[in-house]
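See structure below.
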Amino acid sequence: MNSAFRIQQVTVGYRGHVVLHHVDLDFPRGGILGLIGPNGAGKSTVLRLLLGLIAPQEGRVEVLGTSPTLARPKVGYVPQTLSLSRDLPGTLLDLVLSGFLGLQPPGGSPSREEYDRSREWMGLVGIDHLERRKLSELSGGQLQLGLVARALVRQPDLLLLDEPTANADARAQGAVFALLDEICRDRTAVVVSHDIGVLSRNVGSIACVGAGKIVSHGSTEVPQEVIEEAYGCPVELIGHGHPHRILAHHHPHDDSGHRHGGVS
Amino acid sequence: MSLLLLPLIAVLLASITAGIVGTLAVSHRMVSLGGGLAHAAYGGVGLAFLLGWAPLPVAVVFTLGIALLMAFLIERSPERSDTLIGVVWAMGMAFGILCIDFSRNYAGDLMAVLFGSLLAIPRQDLVALGVLDAVIALCAWRFRRELLAMAVDPEFAEVAGFPVRAFRIGLLSVLSLSVVLLMRVTGLVLLVAFLSIPGALAVRWSRSLGRAIWMAIGLSLAFGLAGLAISWTFDLSTGACIIAVAGTTYLAVTLRNHS
C-alpha cells in the first residue's frame, strides 16, 4: 500500500510488436519520478499502462493499491498538447473545468465550487488572466499549463505528465516544476521528458526506458553506460558542477557507421 | 402560400437538426462518417423498395445497423477509418441499387431520396423530424460540457472515467437518424454538405459549444430559406439550391480567411 504504483514483470506491445519486455518498476508514494528514453522506447507506454489505457500481455500493474482503471478518479493526467483538438469552440476555462469529468454524474452545468477550484489552480500556474481565450488563441506553453491545471483540479494522489514542458519556455518550465515540487510533498508525480537536463534539476529519481527495458531507476545520477544502452548510441555526460547534459560524441573523422544522438 | 407552408416548416425543423448534429459532427470529426452513413442509407431505401414497405422505418433501422457496424470496425480493425467509411459508403449504395434492380416496381420516387423533394415532403416525416429535434436539443443542452470535453481530448475523457464509448455510439445513432430524416430535404447525395457547412462555420466563429449550435441553426435556416426562395423562383431543385448557397458561402469565407 506504500507504493504509488507497481509494475511487475510486465510485457506489453502493440499489434505484435513488443515495446516493454518483463519490466519492473516500483515507486513509493510522494516525490517525483522522471522517465527518460529515446523516441519509441516506451515512456508513453508506461504512462498508458498506469492509466489503464492498455493492458499488459504478461505481468501485473497496480496503481495506488488497486487496478489502474479503479484508481482513475485519484489519478491526474497531463497529455502532450499535440493530442488535443484546439480548433473547437471552447475556452481555457472550459478546458480546466473538464478536469472534473467523471467525478460527478454526467450532465448539467459546473458548480460554483468547480469554477472556484478551476480559477484557483489557473491562478497558481499563472494563466488565470487567459480564462476567456479560445484554445486556438493560446500558445503551446499556455495550453500546457492549462492541461496541468486541468489535472490538478481533480486533486489527484498520482499525477502523470507526458512531456509537460515540451513547448514551455524556461520560465514556464520553472513554474511547472516549482508547482510540482510544492504539491508532491504529499502526492506522487511521474514526468516523461526527453530533456534529462530539466528532469535532473527538478526531480528526485530518474528511470531510463530503452531497448524494451527500464534500465535504471533510482537517483538522478544516471550512469553514462545506462544512457548509452537506452539510446543505442554514444553519448557524453558533461557534469562540471552543472546538471547532467548528454551530447553526441563529436567524431569528425569517424567512418565507423556509429549512430549518434543526444539529449540536452 | 399554403403550398409553401410544409416546406417552410421542413426547413425550420431540418435547420435545427443540422445545426445541432452538424456542430457535433464537425467537433467530433464525424463528417465523413456522416457522408458514409448518408450514402449507405440508400441501401435501406432500396431494401424497403424491394419489400414494398415504407422507406423511413426500414432506412432508419438499416442505417443504425450500418452505423454500429462502422463503429465496431473503426474500433477493432487495423484499417484506416477513412478506408472503412469509403467501403461501407459504396457498399450501402450498391446494395440499394441491386435491391431496386431486383424489384419490378417503378423507381421514379427514388430520385426524391437521392436529390431531395422538399416541396413534396410527407407530414409524417415532419412529425418524426420534430420529435428528433426535441430529443437531440435536450441531450445536447444537458451534456454540452461533456460533449465539448470529449471532442477536445477523448483520451483524457476516457481516463477521467467518462463513458466515451457509450457517448460515441449515442452520437453515431443520432447522426444516423438525422441522415435518414433529412434525406427528403436535401437528398442523401447532398446531405453531408447541409450537415457540415453550418456547423463548420459556427465552430470557427464561436467561443462556446452552445453558441456554436445556435449559430449553426441560424446559418442552416438562412441557407435553407435562401435555397427554397431560389428554387421556388427559378423552378430548380430545392436541395441543390440549398447546398449551392451554403457551399458558396463556405468557400467565400474560407478564401477570405486565406487571402
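Figures for the structure shown
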read-out: Any hit, the stretch B:178-187, residues being within 14 Å of chain A (Cβ to nearest Cβ) and either at negative phi or in a helix (DSSP H, G or I) (or both); value: no
read-out: Hits in the stretch B:16-37 (condition: farther than 15 Å from residue B:87 by Cβ, part of a helix (DSSP H, G or I) and of a type outside the set (Val, Ile, Thr)); value: B:18, B:19, B:22, B:24, B:25, B:27, B:34
read-out: Given (1) in contact with a Pro (Cβ under 6 Å, 6 or more places away or on another chain); (2) within 14 Å of chain B (Cβ to nearest Cβ), index of the condition residue A:10 fails; value: (2)
read-out: Conditions (1) out of contact with any Asp or Glu (no Cβ under 6 Å at 6 or more places or on another chain); (2) farther than 30 Å from residue B:236 by Cβ; (3) surrounded by fewer than 24 Cβ atoms within 10 Å (Cβ to Cβ): number failed by residue B:164; value: (1)
read-out: Pairs with Cβ under 9 Å, 6+ apart, first in the stretch A:74-89 and free of Cβ contacts under 8 Å to residues at least 40 places away in the same chain and more than 7 Å from chain B (Cβ to nearest Cβ), second of a type in the set (A, V, I, L, M, F, W, C) and in a strand (DSSP E or B); value: none
read-out: Residue in the stretch A:41-64 that is within 10 Å of chain B (Cβ to nearest Cβ), closer than 21 Å to residue B:147 by Cα and assigned to a helix (DSSP H, G or I) present; value: no
read-out: Residue in the stretch A:164-181 that is within 14 Å of chain B (Cβ to nearest Cβ), in contact with a Pro (Cβ under 8 Å, 6 or more places away or on another chain) and crowded, with 19+ Cβ neighbours inside 10 Å present; value: no
read-out: Any chance residue B:212 is within 14 Å of another protein chain (Cβ to nearest Cβ) and either within 29 Å of residue A:148 (Cα to Cα) or within 17 Å of the chain's Cα centre (by Cα) (or both); value: yes
read-out: Number of the exception - residue A:101 against (1) touching a Phe, Trp or Tyr at 6+ places or on another chain (Cβ under 6 Å); (2) surrounded by fewer than 21 Cβ atoms within 10 Å (Cβ to Cβ); value: (2)
read-out: Options B:162, B:223, B:234; residue that is of a type in the set (Phe, Trp, Tyr) and within 14 Å of another protein chain (Cβ to nearest Cβ); value: B:162
read-out: Evaluation of residue B:155 against (1) more than 8 Å from chain A (Cβ to nearest Cβ); (2) touching a strand residue (DSSP E or B) at 6+ places or on another chain (Cβ under 9 Å); (3) not aliphatic (A, V, I, L, M) (one fails), failing number; value: (1)
read-out: Pairs, first farther than 17 Å from residue B:194 by Cα and charged (D, E, K, R) in the stretch B:113-129, second assigned to a loop (DSSP other than H, G, I, E, B) and modelled with pLDDT of 90 or more, C-beta under 6 Å, six or more apart; value: none
read-out: Scope the stretch A:103-158; condition under 20 Å from residue A:87 (Cβ atoms), within 14 Å of another protein chain (Cβ to nearest Cβ) and not in a helix (DSSP H, G or I); matching residues; value: A:131, A:132, A:133, A:134, A:138
read-out: Residue list for the stretch A:165-196, restricted to those being part of a helix (DSSP H, G or I), of a type in the set (D, E, K, R) and free of Cβ contacts under 8 Å to residues at least 60 places away in the same chain; value: A:171, A:182
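Residues checked against (1) crowded, with 20+ Cβ neighbours inside 10 Å; (2) modelled with pLDDT under 90; (3) basic (Lys, Arg):
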site: B:119; (1), (2), (3): no, yes, no
site: B:126; (1), (2), (3): no, no, no
site: B:131; (1), (2), (3): no, no, no
site: B:134; (1), (2), (3): no, no, no
site: B:142; (1), (2), (3): no, no, yes
site: B:147; (1), (2), (3): yes, no, no
site: B:168; (1), (2), (3): no, no, yes
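Conditions tested, residue by residue: (1) touching a strand residue (DSSP E or B) at 6+ places or on another chain (Cβ under 8 Å); (2) of a type in the set (Gly, Ala, Ser); (3) within 14 Å of residue A:29 (Cα to Cα).
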site: A:161; (1), (2), (3): yes, no, no
site: A:165; (1), (2), (3): no, no, no
site: A:169; (1), (2), (3): no, no, no
site: A:172; (1), (2), (3): no, yes, no
site: A:175; (1), (2), (3): no, yes, no
site: A:178; (1), (2), (3): no, yes, no
site: A:192; (1), (2), (3): yes, no, no
site: A:196; (1), (2), (3): yes, no, no
site: A:202; (1), (2), (3): yes, no, no
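The values are calculated or read from the model by the stated rules, or taken from the named source; none is laboratory data. This is a predicted model, so every value here is computed, not measured. Note that we place each Cβ from the backbone using ideal geometry, even for glycine, and neighbour counts take in every protein chain shown.
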